[in-house]
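Heads up: the structure comes next, in structure tokens.
The values are calculated or read from the model by the stated rules, or taken from the named source; none is laboratory data. What you see is a predicted model; the values in this text were computed from it and never measured. Ideal geometry is used to build each Cβ from the backbone, glycine not excepted, and the neighbour counts take in all protein chains shown.
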Amino acid sequence: MLPQNLGACKNPGKAAPVTVTVPATPGILTCFPKFQVVDYRFISRYNYRFRKSRLRLLPPETWRVFKPYPIRFKEIYKDAIWGGDRLRSLFGKDIPPGGRTGESWEISDHGEDTGLVANGDLAGVETLRTLCEKYPQEVLGKALAAKRRGKFPLLLKFIDANDVLSVQVHPPDEYARLHEDGETGKTEAWYVIAAEAGSRLIKGLKPGTTKDDFRRLLAEGKLEQCLNSFEVAPGDVVHIRAGTVHAIGKGILLAEIQQNSDVTYRVYDWNRVGFDGAPRPLHVDKALDVIDFGAPESPPKLTCADEPGVRRMVECDKFVLDVLTLYNGSYEGTTGGERFEVLCVVEGKGSIAWAEGEEEIKAGASLLIPAALERYRVAAGDRVRLLRCYVPG
Ligand SMILES: [Zn+2]
């Protein structure tokens with residue numbers, strides 16, 4: 001059946017652009033003069049000017065069509081001296097041999113590390129970077145596309161700490177911009193997926209710790225005395241603002257959502273050596289510059305309740321982190337056409353459906369919901385838990 005021609009062509013037979021009157025609702029448009037049939041929901045903003053009810057199409061040969069769907073990316077694995085192999089044993093990921101995989105960058109566009117699309121029409125063709133360059137509004141949403149010049153603002157990873165990570169701190173935006181070649185700062189949040197009994201995280205300093213105390217304890221090899229450490233279990237969420245000293249302890253596997261930055265100032269590395277047998281570099285001076293010694297006390301961790309529902313665990317100006325728990329039920333999400341969302345399945349399995357299709361999802365899967373996708377529906381197999389992150393408007 002021919003699609004219904006909803007448009008009335010003003011100048012048939014003439015060279016494009018053409019002006020067509022269309023109804024306000026999405027639909028199919030038959031476009032003269034080339035008699036191309038276009039589902040104009042998927043025409044990129046670069047292909048038309050839309051004023052009132054008049055659609056002025058640019059020449060069809062210049063069209064770039066973006067058909068939104070939940071996008072998965074090929075993982076970028078990072079070896080680390082503290083890494084392990086749980087990304088394979090828990091999630092079935094095809095990590096490199098050697099059992100030292102520390103991180104899987106799931107949704108990333110940082111430096112060389114831009115994720116290659118792994119599913120759907122764009123698989124193997126586009127990367128997160130090219131998507132943001134070609135379709136900034138469709139992927140990021142209008143406001144972010146304008147503000148960030150198309151740069152993807154977040155980075156999602158899994159971290160497998162088979163051993164403790166260094167004690168470290170990340171700078172705030174302003175410091176990073178001035179001292180790190182225009183990088184952004186790094187505020188991050190963790191969701192603990194698995195933790196061996198007694199596993200601990202470090203967040204912040206004991207109350208009253210001054211810069212002098214910190215420097216002295218560091219020099220004496222007793223830094224632990226001023227670090228605030230606590231036990232964690234699966235379902236715990238920890239928010240680490242830029243300027244907060246932190247470390248991930250041995251035995252923890254977590255998902256990390258963070259600003260798109262890779263600036264880390266290592267303060268103390270537990271007297272370990274790196275892969276090359278030499279101690280890894282420390283950045284004590286810069287760390288002392290950015291540690292927020294006067295930071296107000298914040299709860300070390302929040303624990304996500306097990307009941308079904310959506311829970312807001314972190315909200316700051318950099319990102320929002322919600323935990324979505326479903327038992328057999330389903331969840332209707334929407335980007336409102338205005339913002340992207342990042343989904344990360346941390347437990348169980350289920351499916352995600354959208355206007356044009358449906359896909360299975362399981363623990364370890366990460367998805368980018370482009371702003372243009374709008375409505376989607378997550379359904380649980382038995383039980384499924386997802387993180388949902390986005391940049392607040
Ligand atoms: Zn960190």
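Quick notes on this structure:
- Flag for Ala161 being of a type in the set (Gly, Ala, Ser) and surrounded by fewer than 17 Cβ atoms within 10 Å (Cβ to Cβ): no
- Ala278 meets all of the listed conditions (1) more than 16 Å from the ligand (Cβ to nearest atom); (2) of a type in the set (A, V, I, L, M); (3) in contact with a helix residue (DSSP H, G or I) (Cβ under 7 Å, 6 or more places away or on another chain) but one, namely (3).
- Boolean, Glu126 is surrounded by fewer than 16 Cβ atoms within 10 Å (Cβ to Cβ) and either among the aromatic types (Phe, Trp, Tyr) or free of Cβ contacts under 8 Å to residues at least 40 places away in the same chain (or both): no
- Filter result for Ala287 (over 20 Å from the mean Cα position of the chain (by Cα), surrounded by 21 or more Cβ atoms within 10 Å (Cβ to Cβ), within 16 Å of the ligand (Cβ to nearest atom) and among the aliphatic types (A, V, I, L, M)): yes
- Test: residue in region 141-160 that is more than 19 Å from Gln258 (Cβ to Cβ) and modelled with pLDDT of 95 or more: no
- Top-ranked residue in region 282-304 [being part of a helix (DSSP H, G or I) and out of contact with any helix residue (DSSP H, G or I) (no Cβ under 8 Å at 6 or more places or on another chain); ranked as farthest from Ile193 (Cα to Cα)]: Asp285
- Filter pass, Asn271 being more than 15 Å from the ligand (Cβ to nearest atom) and more than 18 Å from Gly102 (Cβ to Cβ): yes
- Being in a loop (DSSP other than H, G, I, E, B), acidic (Asp, Glu) and free of Cβ contacts under 8 Å to residues at least 40 places away in the same chain is a description that applies to Glu307.
- Selection status of Leu343, assigned to a strand (DSSP E or B), closer than 17 Å to Tyr69 by Cα and modelled with pLDDT of 95 or more: yes
- The residues listed here are Val284, Val314, Val245; of these, the one that is touching a residue at least 40 places away in the same chain (Cβ under 8 Å) and in the same structural domain as Thr334 (by TED's automatic domain parsing) is Val314.
- Test: residue in region 247-256 that is more than 28 Å from Asn162 (Cα to Cα) and more than 15 Å from the ligand (Cβ to nearest atom): no
- Number of the condition not met by Asn271 [criteria: (1) closer than 24 Å to Lys206 by Cβ; (2) buried (at least 21 other Cβ atoms within 10 Å of the Cβ)]: (2)
- Selection of region 251-281 for residues being part of a loop (DSSP other than H, G, I, E, B) and either within 25 Å of the chain's Cα centre (by Cα) or within 30 Å of Asp317 (Cβ to Cβ) (or both) yields Gly251, Asn260, Ser261, Asp262, Val263, Thr264.
- Of the strands (runs of 3 or more DSSP E) that lie entirely inside region 149-242, those containing 1 or more residues that are among the aromatic types (Phe, Trp, Tyr) and within 16 Å of the ligand (Cβ to nearest atom) span 154-161, 188-195.
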